[in-house]
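Structure, as structure tokens:
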Amino acid sequence: MPDCIVEYSKRLSDKIDAKKIVEAAHNGAIKSELFDGSKVKTRATPVEHQILRDDRDVIHVTIRFLAGRTDDQKKHLSTSIVDELCALGLTNVAISADVYDLSPGYSIKLL
């Protein structure tokens, strides 16, 4: 049940539909084959203000899930997501992903 939170430079919206960014991150998580695809949740937030050493746009994905995956599995997941985002063919953009274990106190309630 990974949560994929995508942050992307708002100005990317002039180059690509944000839905395509979300779909690429989501598909990357599914293609990692670490999860049941129906359990992956992906959402995105545009970032209006950013400061970088150059004028690049940014796509960054934070992936959170319950503990228990190895470091190799986490690396595989982040690489799978970054690869899918790179396949969008965008230029002058920094694409990255981080993977975090949720604390044991994590709670969810579906209504």
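Residue under question is ASP54, and the condition is that it be more than 15 Å from the chain's Cα centre (by Cα), in a helix (DSSP H, G or I) and free of Cβ contacts under 8 Å to residues at least 12 places away in the same chain; does it hold? Steps first, answer last, please.
On the way: more than 15 Å from the chain's Cα centre (by Cα): yes; in a helix (DSSP H, G or I): no; free of Cβ contacts under 8 Å to residues at least 12 places away in the same chain: yes.
Judged against the criteria, ASP54 is not a match.
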Which condition number does LEU77 fail, the rest of (1) buried (at least 17 other Cβ atoms within 10 Å of the Cβ); (2) over 21 Å from MET1 (Cβ atoms) being met? (2)
Given the condition within 30 Å of LYS15 (Cα to Cα), touching a Leu at 6+ places or on another chain (Cβ under 7 Å) and in a strand (DSSP E or B), answer yes or no: does some residue in segment 69-91 qualify? no
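Read-outs: derived from the displayed coordinates by stated rules, not from any lab. Quick caveat, the model's predicted, so the values are computed rather than measured. Note that each Cβ is placed from the backbone with ideal geometry, even for glycine, and that neighbours are counted across all protein chains shown.
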